[in-house]
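Worksheet: the structure to be examined is printed underneath.
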Number of protein chains: 2
Amino acid sequence: MVDSAAPAIVLVEPQLGENIGTAARAMMNCGLSDLRLVNPRDGWPSEPAVAASSGAERILEDARLYESTAAALEGLHSVYATTARPRDMNKPVLGPREAGSAMRRAEAAGERNGVLFGKESKGLHNDDIVLAGTIIEARLNPAHTSLNLAQAVLLVGWEWWMAGPVETPAAEPETTVEKGDAPALQSDLLNMFEHLERALDDSGHFFPAEKRPVMARNLRNIFHRANLTDSEVRGLRGVIESLSRRPRRRR
Amino acid sequence: MVDSAAPAIVLVEPQLGENIGTAARAMMNCGLSDLRLVNPRDGWPSEPAVAASSGAERILEDARLYESTAAALEGLHSVYATTARPRDMNKPVLGPREAGSAMRRAEAAGERNGVLFGKESKGLHNDDIVLAGTIIEARLNPAHTSLNLAQAVLLVGWEWWMAGPVETPAAEPETTVEKGDAPALQSDLLNMFEHLERALDDSGHFFPAEKRPVMARNLRNIFHRANLTDSEVRGLRGVIESLSRRPRRRR
């Protein structure tokens with residue numbers, strides 16, 4: 001599932017092949033495929049990159065190599081630079097989340113976006129930042145903002161992915177229910193409660209007697225909250241049955 | 001800038017020290033500090049972890065080591081498991097974004113959260129997943145969902161960080177908990193499960209014997225879903241105790 005309108009990832013002078021590989025893996029995770037490399041320090045192709053890419057070899061094979069950042073922008077309409085907010089450049093600064101949305105809007109208008117990532121040790125040069133219309137700055141823990149290259153790619157990719165026209169995870173907790181296991185009927189739930197309470201009556205649990213109503217209600221609340229399925233209600237009735245049998249101690 | 005109410009990160013049987021180091025770095029980026037390790041394969045402390053942590057040595061030094069996942073949950077109220085949606089477990093599933101908000105709301109209510117991450121090769125065992133009340137599933141590119149360990153930690157940490165502190169309790173329907181009734185500690189919940197399962201063993205409930213693990217797991221899931229309070233756990237232990245007494249039939 002690859003989206004040809006998705007942003008290009010431009011790694012400027014990456015130092016370690018391994019980081020290129022993990023960046024490619026992060027791209028694959030987020031449905032990105034257009035990888036562009038500007039003068040990777042250790043040459044290209046790279047064995048360590050392939051070893052670290054964990055299934056994203058295709059992205060590495062298709063990666064394009066450039067001799068300058070400017071050349072690597074071919075075919076792009078909007079360029080973002082990932083960096084700490086530069087002091088002396090007056091450019092709009094977005095967080096990854098806002099940038100993800102902005103790129104999606106641009107795509108919808110038929111534009112191609114690209115995101116620049118600098119070398120591991122020093123980030124982007126000012127000359128690269130100048131090429132970008134917008135800065136992406138992740139405001140992380142101020143005591144430790146420096147992100148690993150692949151993790152920076154992941155954050156940008158993740159926010160682009162989440163902003164997209166993909167099915168987003170349900171806002172409310174969804175529940176994984178075994179196939180064929182329907183939610184319990186209220187009537188079965190009530191029968192279970194009565195079963196439990198009879199067994200507890202038999203065992204003398206409700207004591208003193210005037211506390212029975214509130215004790216029973218508290219128990220019912222627990223099971224109401226659990227949104228039991230049909231088979232769970234049957235399972236719990238088995239538990240009540242078993243427990244209220246006379247114990248057969250193991251010898 | 002470290003937040004002691006922030007979620008604990010629990011790495012279960014991590015294989016490579018390097019990944020523990022990069023996970024610690026991602027934690028530091030996101031303002032997390034409580035790292036818990038369950039049986040790291042290559043022992044602890046780890047030179048490769050320190051080398052990869054890039055400024056997050058302090059988190060590694062303070063990391064706590066445990067011999068079981070259950071033990072690593074000490075002091076936590078809510079546990080999340082990062083995994084693909086399990087087929088046969090009835091648990092709520094959230095995306096990282098929703099989970100970040102849910103954890104912030106729980107913190108505002110004074111609860112401590114923890115997030116389980118499985119080993120690099122295979123993820124979490126079912127036995128670990130059972131310990132969690134909620135699944136966190138990142139719906140990434142369906143063709144390539146597997147995230148590097150540190151990247152999974154980063155996504156969860158990032159979304160927690162972005163969700164920001166919650167000032168007021170959630171507006172959405174919350175459970176009315178009796179005043180003074182705190183959420184149950186995971187350790188008390190585990191003790192209750194063991195009590196229940198011992199009682200069911202004594203009564204011959206688990207039959208055939210090879211079905212015991214799945215039967216026990218299904219029962220645990222029900223109670224995990226119910227978000228039990230402290231007094232509810234005590235109440236349920238009383239119920240188990242009462243039911244497993246020899247019946248005193250009314251005459």
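Across every pair of non-identical alpha carbons in the range A:1-94, the mean reciprocal distance, once inverted, gives a Kirkwood radius of 14.0 Å. Per residue, the average separation of C-alpha pairs within less than 8 Å and at least 6 apart gives chain B a relative contact order of 22 percent. The C-alpha atoms of the range B:58-154 occupy a region whose extents along the principal axes are 37, 29, 27 Å, arranged from largest to smallest. Legend: translational diffusion of the protein assembly as shown by Stokes-Einstein, Rh = Kirkwood radius over C-alpha pairs, 37 °C, 0.692 mPa s; D = 132 µm²/s. Assume the label is 7 Å from Cα along Cα to beta carbon: what separations in nm does B:Arg217 have to the matching positions in the other copies? The answer, with the shortest distance listed first, is 3.8 nm. The long axis of helix B:230-243 is offset from the longest Cα principal axis of chain B by roughly 40 degrees. Taking the Cα centre of the range B:36-95 as the origin and placing charges on Cβ (Lys, Arg +1; Asp, Glu -1), which of B:Ala49, B:Ala63, B:Thr82 is farthest toward the positive end of the dipole? The listed residue farthest towards the positive side: B:Thr82. Copy-to-copy label distances for A:Asp42, where each label lies 7 Å from Cα along Cα-to-Cβ, are 1.6 nm in order of increasing length. The range A:79-126 and the range B:110-168 have their alpha-carbon centroids 27 Å apart. Treating each Cα of chain B as one equal point scatterer and applying the Debye formula with no solvent, the log10 of I(q)/I(0) at q = 0.07, 0.12, 0.15, 0.16 Å⁻¹ comes out as -0.26, -0.73, -1.08, -1.20.
Each copy carries a label point for B:Ala182 at 7 Å from Cα along the beta-carbon vector; from one copy to the others these points are 4.3 nm apart, nearest first.
As a rough guide to protection, the peptides A:8-15, B:48-55 ranked by mean Cβ packing within 10 Å, highest first, stand as A:8-15, B:48-55.
Modelled this way, with points 7 Å down the Cα-to-C-beta line, the labels at A:Phe193 and B:Ala109 are 2.2 nm from one another.
Simple point charges give the picture: +1 on the Cβ of Lys and Arg, -1 on the Cβ of Asp and Glu, and for chain B a dipole about the Cα centre of about 1300 debye. Over 29 Å between Cα atoms, which of B:Lys119/B:Lys211; B:Lys91/B:Lys211; A:Lys211/B:Lys91; B:Lys122/B:Lys211; A:Lys91/A:Lys119 qualify? Cα-Cα > 29 Å for A:Lys211/B:Lys91; rest within. Given a 1.4 Å probe and the protein chains as shown, A:Asp34 ends up with an accessible area of around 20 Å².
A Förster radius of 41 Å, combined with the Cβ-Cβ distance separating B:Ala71 from A:Arg220, puts the computed FRET efficiency at roughly 0.80. Taking GluC sites (Glu not before Pro) as exposed when DSSP calls them loop and at most 16 other C-beta atoms lie within 10 angstrom, chain A has its longest site-free stretch at A:179-251.
The values are calculated or read from the model by the stated rules, or taken from the named source; none is laboratory data. A quick note: this is a predicted structure, and the numbers were derived from the prediction, not measured. All Cβ positions, even for glycine, are placed from backbone atoms using ideal geometry, and neighbour counts span all protein chains on display. With ligands, DNA and RNA removed, areas are computed over all heavy atoms of the protein, side chains included. Shrake-Rupley method; radii C 1.70, N 1.55, O 1.52, S 1.80 Å.
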